[in-house]
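J.: Below you will find the structure I want to go over with you.
The values are calculated or read from the model by the stated rules, or taken from the named source; none is laboratory data. Model, not experiment: these values are computed from the prediction. Note that we place each Cβ from the backbone using ideal geometry, even for glycine, and neighbour counts take in every protein chain shown.
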Amino acid sequence: MATALKINGKTHQVDLPDDVPLLWVLRDEVGLTGTKFGCGVAACGACTVHIDGEAVRSCQVALSDVWGDVTTIEGLGTPDAMAAIQKAWVDHQVAQCGYCQSGQIMQAAALLAENSAPSDEDIDDAMQGNLCRCGTYPRIRAAIHDAASKLKEA
Amino acid sequence: MASIGKILRRTFLIGSAAIVGGVAFGAYYVTRPAANPLKPGKGETALSPFVLIDQQGVTLFAPRAEMGQGVMTTWAALIAEELDVELDDIRVLHGPAAAAYYNHALVGEGLPNKGYDVSDFQHNLGEALGVLGRTLSLQVTGGSTSMKDGFERMRMAGATARETLKQAAAERLGVDRAQLTTENGVVIAPDGTRIPYTELAEAAGQIEPPEVALRDPSEWRLLGKSLPRVDVLAKSTGTAEFGIDVRPQGLKFASVRMNPKLGGVMNSFDASAAETMPGVEKIVDLGTGVAVIANNTWLAIQAVEAIDVDWGDAPYPPDTDALSEHISKAFDDAPNSTMRDDGDVDVMPEGATEITADYTVPYLAHATMEPMNATALYTGDKLDLWCGNQAPTLIQMRVANTAGLETEAVDIHTTYLGGGFGRRGELDFGEIATKVAMAMPGTPVQTTWSREEDMRHDYYRPGAMARMRGAIKDGKAILIDGKVASQSPTQQAVKRYTGLSGGGPDKVLVEGFFNQPYAVPNYRMSGHIADLAVPVGFWRSVGNSHNGFFHETFLDEMAHAAGRDPLEFRLELAKPEFAPAAGCLEAVKEMSGWTGETPNAVGRGVAMTYSFGTPVAQVIEVVDEDGTIRINKAWIACDVGLALDPSTVEAQMIGGMIYGLSAATTGEITFSDGEVEQYNFPDYDALRMHNTPITEVRVLETNKHLGGVGEPGTPPSMPALGNALFDLTGERARSLPLNKQFNLLV
C-alpha cells in the first residue's frame, strides 16, 4: 500500500515497506540525493532533514512513522535562491569534500529557527552530532554566527 | 644523461594535433603523443586535454580528484590565469580517465633525497623521472602533489591556448598578434574590437601553436589570492553529485558483504532467507563475498546481512596482540632501509646522557564520510563505471580486466569524492561494483557498502612501532638512532595494482623519520618491514602519520631531559639545517605567545614536521576542566613556498590537523578472531564541533620549492597534542590513542 509523504511542499505516493527509513525513501525512491547516507545509526548527522521544522536523523525514521511535512536540503533553498544559512556557507567557503554539509546546514537551520543568536556553547550543543571528517568545524561555526546576524538585520 | 634533458623538455612541451574541426593541445608521452581523451564533437575545438572551447563557452579540465582539498579550483585557476578567463564564467569538469593526465610529481617523490636539501639538479631529475608517471598512466591524486604537478604545465596550457586564439584573431583582423590583448574570454584589438574566444575557437584549431612565455607572478590576477571554490555552491545546496548520487535510468541498488577476516576465502553461503525479503531482485555470488541487488539500498543491506556465510580464516595472526608481536619481531631483521646515517651512532660521545624510548601506534581506518560505493553498467561489450576515485586510469585498467574488456571499452565517470584521504586510490569498490553489475547486464547497478562494511574492509594505516635512542650533551641533541617497524603499504599496493612484488628500500615507510630538518651530528634512521597480510594502504600523510609522532615525541623527551624549552631546543637544531622549518617554529612561538611557562591547569606542546615539501609547526594548548582535558587552542605555521590559494591552504592545514587529532584522541582499529572490532562511528569517532580547538594559521612563503598542503597538517598534530598532555600532567604519551591514558573530552 502506498504511503503519502509531503516533501518540500509536494506530495509523493511511496510504495515501499513501512520500515524503510525516510533517508532511503528520499534517496532511492523520490530521487532527492542531497540528503546523505553516512552511518545508518544516527551517529554522524549526514542524513539530517526537518520534519515539521524539527531536525531529525532520517536514517532512524521509518516510512510509516513520518509524522509531518518533510523538508530536505533541496527544499531549504536552491542555487538560484539560497536560504540565508546556505548563503553564509558559501560566503565562508565552508565545504571541503562537502558530503556532510547538507546535514550540517539542516542542523544549523533548525538551530537558528529556535535560537536567533546562538552562543558558541549553543553551537557546540546543537552541532556535535554532525560529523565532518574534513574538519570544517571552524568555518561552520563562523557561518552560523554570520547567518544569525544577517537574519537579525533582515 | 643527454636523454634526461630531452625528456625534461618534452615533459613541458605543449604541442598540437589536428582533429575534426580544430586542434588538440596536449602533453606528450616520452616518445609519442598521448591520445587526446576529449574526442571533441563537431564544431568544437579541443585546445588541449585541459581546455575546451565551443559555442557554449570555455570548459577547463581539472583531472585531479576533488575530495575536498580545493584542487579543482586551484587547478582551474592555473589555466585561467594565463588564458584570461574568469572562474565564474567557465565550467570546470573532472574529465575522463586518460594517460595524458598523468601525475609526474608523484613519481618524482620517490627519489632518495630528504626533500628540503634538494639541489636544482636533483629537482630537475625529479621532474624528469616524473615522465615515468605518464608511461605508467599514473593519473593519481595523492602525495600532496597536484600543485607541484600542475604549476608549470597548466599555466603553459593556458598561455598556449591564449596565444593561439590571439593568432586566430590576428589573422582575421590582419594585425600583428603582439598588438592584441585578452581579458575575460575575449581578444581585444587596438581599435577596441572585441572577439569572444568562442568565435575564434574553430579557426584556432587550424593554427600551429606559438611558443609562449609564462607571465611573471607580479602580473597574476588569480593565483596567490583566495578564490571562491568552484564547487562551493553545489556543496551548499545539496546539488553536488557524489558517486552515491548518480542515478542513471533504470538504476538498481545493491549492497555487499566480503569476508570480515580480511583476505580469507568464502567457504559457502545460504541465501534462502534473503531471497524472499522485500525488494530483493538478485543474490550475487562474488566468489569472495556476496551481494544483493534490490530496488532500494536499505532493503539490499537488510537482505545481504540476512545471508548466512561460512567464512574462511584470515591469512594473518588473529588478534591485535599477536599482530603487535609480529611487528616488533621485524626489529630483529636487517633493516629494509637506512636512508640517513650521519656521523657514528654506535659510539656514545663522552659526557653525553643517553635517552631511550619505545613508541607504538595502532592501525587506523580512513572513514571517509561517504561510504565506499560505485555504480556500473555492463552491456557485454562495454562498461561504464561511476565513482569518486583518486586513480581513474588504474581503476579503468582493473575493471576492464574484471569484465574481460579492453580498457578502451571502459568509461570511467569520476564524481566528487565524499572524502578520500587515500582510501579512494584503491580499486576494490570499483571492482566489486563491476562484478555485481555483470550479474545484471544492461541494467545499471549501484553497489553501496554499509558503514560497517566500509569500516571493517579498509586498507588501513598500518600499526607501527619505534625504538628510539638518543644522546644529549650540554643541552643539545648530539645523537639520534631510530628504528621504525610496520607493514609496508607501498609494497602491498604495488602488488595489488600490478601483481608484481615491490622490493627495494621503501622510502614511504621512513618518510618523516629520516628526513626531518634537524642538525644532529650523529643521526641514523632505519626502517623495518613487518611481513603481514593485513590490508594496508595510504592514509593521509602515510608514513609521516606515525613517524611524525615518533620523531617529535622523542625530540620532546630529549629536550626535557636536557632541561631545555622544547620549542627553543627544536629551533636551535632546525636553524642551521633548513631555514623555512625554523621560520615556522618562530612563527608559532610568536602567534601563541610561547614563553615556556603555562598557568595551572593549562598545558602546551609543540611539534614540527617536514612532509611533502612543506614544514609545518603546531602549538597545541590543552586545559584541565574539573578533571576532563579539552583541546582548547592550536596555532599552525606552514611554509608552502607559494600559497596559490591562501584560503585553501588554511582550510587544509586546519583540516589536516583535525584529521590527525581525531586519530590521536580516539582512533584505533583492533583485531579479534581475525576481524576488525570497530563497526561504525560510535566505535571509531573523530573530533566534533565541541572538542575542536580554536585555531589560527599563518602561511609563510620562503620555501624555495612549492610544497604540498593536503597532508602536511596531519603529522605534527599527534605529537603536539601528546607533548601538551605531558606539559599538563607530567605523563608522557608513548602510544596512541590518547584517550586510553588521559581523560579527554570526547
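J.: Would you please name the residue that is surrounded by the fewest Cβ atoms within 10 Å (Cβ to Cβ), looking only at residues in region B:698-742 that are of a type in the set (S, T, N, Q) and touching a Pro at 6+ places or on another chain (Cβ under 6 Å)? Spell out the reasoning first.
T.: Residues of region B:698-742 of a type in the set (S, T, N, Q): B:702-703, B:714, B:717, B:723, B:729, B:735, B:739, B:741.
With the extra rule that they be touching a Pro at 6+ places or on another chain (Cβ under 6 Å), the set shrinks to B:702-703.
Numbers: B:702: 12, B:703: 23.
Only one residue tops the list, namely B:702.
J.: Continuing with the same structure: For residues in region B:648-689 being more than 15 Å from residue B:455 (Cα to Cα) and acidic (Asp, Glu), which is farthest from the other protein chains (Cβ to nearest Cβ)?
T.: Looking at residues that are more than 15 Å from residue B:455 (Cα to Cα) and acidic (Asp, Glu), I get B:673.
J.: Could you check region B:233-272 and list, in sequence order, the residues that are without any contact (Cβ under 8 Å) to a residue 40 or more places away in the chain, within 14 Å of chain A (Cβ to nearest Cβ) and out of contact with any Gly (no Cβ under 9 Å at 6 or more places or on another chain)?
T.: Scanning region B:233-272 gives a single hit, B:233.
J.: Need the failing condition index for residue B:592 against (1) at pLDDT 95 or above; (2) surrounded by 24 or more Cβ atoms within 10 Å (Cβ to Cβ), just the number.
T.: Unmet for residue B:592, out of (1) at pLDDT 95 or above; (2) surrounded by 24 or more Cβ atoms within 10 Å (Cβ to Cβ): (2).
J.: If residue B:446 satisfies every condition in (1) within 14 Å of chain A (Cβ to nearest Cβ); (2) touching a Gly at 6+ places or on another chain (Cβ under 8 Å); (3) at negative phi but one, which is the exception?
T.: (2)
J.: For region B:341-372, give me the residue count where each residue is closer than 16 Å to residue B:558 by Cα, part of a strand (DSSP E or B) and aliphatic (A, V, I, L, M).
T.: Selection size over region B:341-372: 2.
J.: Filter region A:1-20 down to the residues that are free of Cβ contacts under 8 Å to residues at least 60 places away in the same chain, of a type outside the set (A, V, I, L, M) and either part of a strand (DSSP E or B) or facing chain B (nearest Cβ under 8 Å) (or both) and list them by number. If you could, list the steps in order and put the result at the bottom.
T.: The initial filter retains those residues of region A:1-20 that are free of Cβ contacts under 8 Å to residues at least 60 places away in the same chain, namely A:1-2, A:4, A:10-20.
Next, only the ones that are of a type outside the set (A, V, I, L, M) stay: A:10-13, A:15, A:17-19.
Residues satisfying the conditions are A:10, A:11, A:12, A:13, A:17.
J.: Could you say which residue among B:527, B:499 is surrounded by fewer than 24 Cβ atoms within 10 Å (Cβ to Cβ) and small (Gly, Ala, Ser)? First the steps, then the outcome.
T.: Numbers: B:527 fails: surrounded by fewer than 24 Cβ atoms within 10 Å (Cβ to Cβ).
Criteria check complete, one pass: B:499.
J.: Spot the failing condition for residue B:212; the list is (1) within 14 Å of chain A (Cβ to nearest Cβ); (2) at pLDDT below 95, and only one is missed.
T.: (1)
J.: Restricting to region B:186-238, give me the number of residues that are of a type outside the set (D, E, K, R), within 30 Å of residue A:79 (Cβ to Cβ) and not in a loop (DSSP other than H, G, I, E, B).
T.: At the first step, the residues of region B:186-238 found to be of a type outside the set (D, E, K, R) are B:186-190, B:192-193, B:195-198, B:200-201, B:203-207, B:209-210, B:212-214, B:217-218, B:220, B:222-224, B:226-228, B:230, B:232-234, B:236-238.
With the extra rule that they be within 30 Å of residue A:79 (Cβ to Cβ), the set shrinks to B:186, B:196-198, B:201, B:220, B:222-224, B:226-228, B:230, B:232-234, B:236-238.
Those still in the list that are not in a loop (DSSP other than H, G, I, E, B) too: B:186, B:196-198, B:201, B:232-234, B:236.
Number satisfying all stated conditions: 9.
J.: Go through (1) surrounded by fewer than 24 Cβ atoms within 10 Å (Cβ to Cβ); (2) at pLDDT 95 or above and name the single condition residue A:2 misses.
T.: Only one criterion in (1) surrounded by fewer than 24 Cβ atoms within 10 Å (Cβ to Cβ); (2) at pLDDT 95 or above is unmet by residue A:2, namely (2).
J.: For region B:457-475: of the residues being out of contact with any helix residue (DSSP H, G or I) (no Cβ under 7 Å at 6 or more places or on another chain) and surrounded by fewer than 21 Cβ atoms within 10 Å (Cβ to Cβ), which is farthest from residue B:683 (Cα to Cα)?
T.: Here the answer is B:474.
J.: Here's something else I'd like to know. Of everything in region A:35-56, what is at the interface with chain B (Cβ under 7 Å from one of its Cβ atoms), within 14 Å of the chain's Cα centre (by Cα) and free of Cβ contacts under 8 Å to residues at least 24 places away in the same chain? Give them in sequence order.
T.: Hit for region A:35-56 is A:37, nothing else.
J.: Here are A:23, A:32: which of them is under 28 Å from residue B:279 (Cα atoms), facing chain B (nearest Cβ under 9 Å) and assigned to a loop (DSSP other than H, G, I, E, B)? Don't jump to the end; show me each part of the working.
T.: Working: A:23 fails: assigned to a loop (DSSP other than H, G, I, E, B).
It is A:32.
J.: Another question, then. Could you give every pair whose Cβ atoms fall below 6 Å, whose first residue belongs to region A:84-103 and is under 26 Å from residue B:371 (Cβ atoms), and whose second residue is acidic (Asp, Glu), counting only separations of at least 6 or pairs across chains?
T.: A:99/B:370
J.: Turning to a different aspect of this structure: Here is a list of conditions, (1) surrounded by fewer than 18 Cβ atoms within 10 Å (Cβ to Cβ); (2) in contact with a Lys or Arg (Cβ under 9 Å, 6 or more places away or on another chain); (3) over 20 Å from residue A:10 (Cβ atoms), and residue A:68 meets all of them except one; can you say which number that is?
T.: Checking residue A:68 against (1) surrounded by fewer than 18 Cβ atoms within 10 Å (Cβ to Cβ); (2) in contact with a Lys or Arg (Cβ under 9 Å, 6 or more places away or on another chain); (3) over 20 Å from residue A:10 (Cβ atoms), the one that fails is (3).
J.: Looking only at region B:636-647, how many residues end up being within 12 Å of chain A (Cβ to nearest Cβ) and either crowded, with 24+ Cβ neighbours inside 10 Å or in a loop (DSSP other than H, G, I, E, B) (or both)?
T.: So the first thing to find is which residues in region B:636-647 are within 12 Å of chain A (Cβ to nearest Cβ), and the list is B:636, B:645-647.
Okay, now just the ones that are also either crowded, with 24+ Cβ neighbours inside 10 Å or in a loop (DSSP other than H, G, I, E, B) (or both), so B:636, B:645.
Number of matching residues: 2.
J.: Which condition does residue B:478 not pass, out of (1) at pLDDT 95 or above; (2) surrounded by fewer than 24 Cβ atoms within 10 Å (Cβ to Cβ); (3) closer than 28 Å to residue A:24 by Cα, if it passes all the others?
T.: (3)
J.: Find all pairs meeting these conditions: Cβ atoms under 6 angstrom apart; at least six residues apart or on different chains; first residue within region A:117-129 and touching a residue at least 40 places away in the same chain (Cβ under 8 Å); second residue surrounded by 21 or more Cβ atoms within 10 Å (Cβ to Cβ).
T.: Listed pairs, sorted by first residue: A:129/A:45.
Each row is one residue, and each column tells you yes or no for (1) over 15 Å from residue A:131 (Cα atoms); (2) of a type outside the set (A, V, I, L, M).
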site: A:10; (1), (2): yes, yes
site: A:13; (1), (2): yes, yes
site: A:27; (1), (2): yes, yes
site: A:33; (1), (2): yes, yes
site: A:36; (1), (2): no, yes
site: A:53; (1), (2): yes, yes
site: A:56; (1), (2): no, no
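J.: Give the residues of region A:132-154 that are part of a helix (DSSP H, G or I) and modelled with pLDDT under 95, sorted by residue number. Steps first, answer last, please.
T.: Step one: filter region A:132-154 for residues part of a helix (DSSP H, G or I), giving A:137-153.
Passing the criteria: A:150, A:151, A:152, A:153.
J.: Restricting attention to region A:74-126, which residues are in a strand (DSSP E or B) and more than 9 Å from chain B (Cβ to nearest Cβ)?
T.: Narrowing region A:74-126 to residues in a strand (DSSP E or B): A:78, A:81.
The one that is in a strand (DSSP E or B) and more than 9 Å from chain B (Cβ to nearest Cβ): A:81.
J.: Same structure, new question: Tell me, yes or no, whether region B:710-718 has at least one residue that is more than 15 Å from residue B:549 (Cβ to Cβ) and not aromatic (Phe, Trp, Tyr). Steps first, please.
T.: Our first condition is that a residue be more than 15 Å from residue B:549 (Cβ to Cβ); within region B:710-718, this holds for B:710.
From what's left, not aromatic (Phe, Trp, Tyr): B:710.
Yes.
J.: Moving on to the next point. Out of curiosity, is residue B:615 more than 14 Å from chain A (Cβ to nearest Cβ) and under 18 Å from the mean Cα position of the chain (by Cα)?
T.: Values: more than 14 Å from chain A (Cβ to nearest Cβ): yes; under 18 Å from the mean Cα position of the chain (by Cα): yes.
So residue B:615 fits the description; yes.
J.: Can you name the residue in region B:273-291 that is of a type in the set (Val, Ile, Thr) and either in contact (Cβ under 8 Å) with a residue 40 or more places away in the chain or within 14 Å of chain A (Cβ to nearest Cβ) (or both) and, of all such residues, is farthest from residue B:438 (Cα to Cα)? Give the steps one after another, and end with the answer.
T.: Residues of region B:273-291 of a type in the set (Val, Ile, Thr): B:276, B:280, B:283-284, B:288, B:290.
When the remaining residues are screened for being either in contact (Cβ under 8 Å) with a residue 40 or more places away in the chain or within 14 Å of chain A (Cβ to nearest Cβ) (or both), the result is B:276, B:280, B:284.
Numbers: B:276: 22, B:280: 17, B:284: 10 Å.
Applying the filter and picking the extreme gives B:276.
J.: What are the residues in region B:293-321 that are in a strand (DSSP E or B), away from chain A (no Cβ under 14 Å) and surrounded by 17 or more Cβ atoms within 10 Å (Cβ to Cβ), if any?
T.: So in region B:293-321, the residues in a strand (DSSP E or B) come out as B:293-294, B:308-311.
Within this subset, residues satisfying the condition of being away from chain A (no Cβ under 14 Å) are B:308-311.
Within region B:293-321, B:309, B:311 qualify.
J.: Here is a check on your reading of the model: is residue B:489 in contact with a Ser or Thr (Cβ under 7 Å, 6 or more places away or on another chain) and within 28 Å of residue B:327 (Cβ to Cβ)? Let's see the steps before the verdict.
T.: Values: in contact with a Ser or Thr (Cβ under 7 Å, 6 or more places away or on another chain): no; within 28 Å of residue B:327 (Cβ to Cβ): yes.
Answer is no for this residue.
J.: Quick check on residue A:68: is it more than 8 Å from every other protein chain (Cβ to nearest Cβ) and part of a helix (DSSP H, G or I)? Outline the logic, then answer.
T.: On the way: more than 8 Å from every other protein chain (Cβ to nearest Cβ): yes; part of a helix (DSSP H, G or I): no.
Against the criterion (more than 8 Å from every other protein chain (Cβ to nearest Cβ) and part of a helix (DSSP H, G or I)), residue A:68 does not qualify.
J.: Let me ask something additional. When you go through (1) out of contact with any strand residue (DSSP E or B) (no Cβ under 9 Å at 6 or more places or on another chain); (2) more than 30 Å from residue B:536 (Cβ to Cβ); (3) surrounded by fewer than 22 Cβ atoms within 10 Å (Cβ to Cβ) one by one for residue B:236, which number turns out not to apply?
T.: The number of the failed condition is (3).
J.: Test each condition in (1) surrounded by fewer than 19 Cβ atoms within 10 Å (Cβ to Cβ); (2) among the polar types (S, T, N, Q); (3) over 21 Å from residue A:15 (Cβ atoms) for residue B:276 and report the one that comes out false.
T.: Here residue B:276 meets the rest and fails (3).
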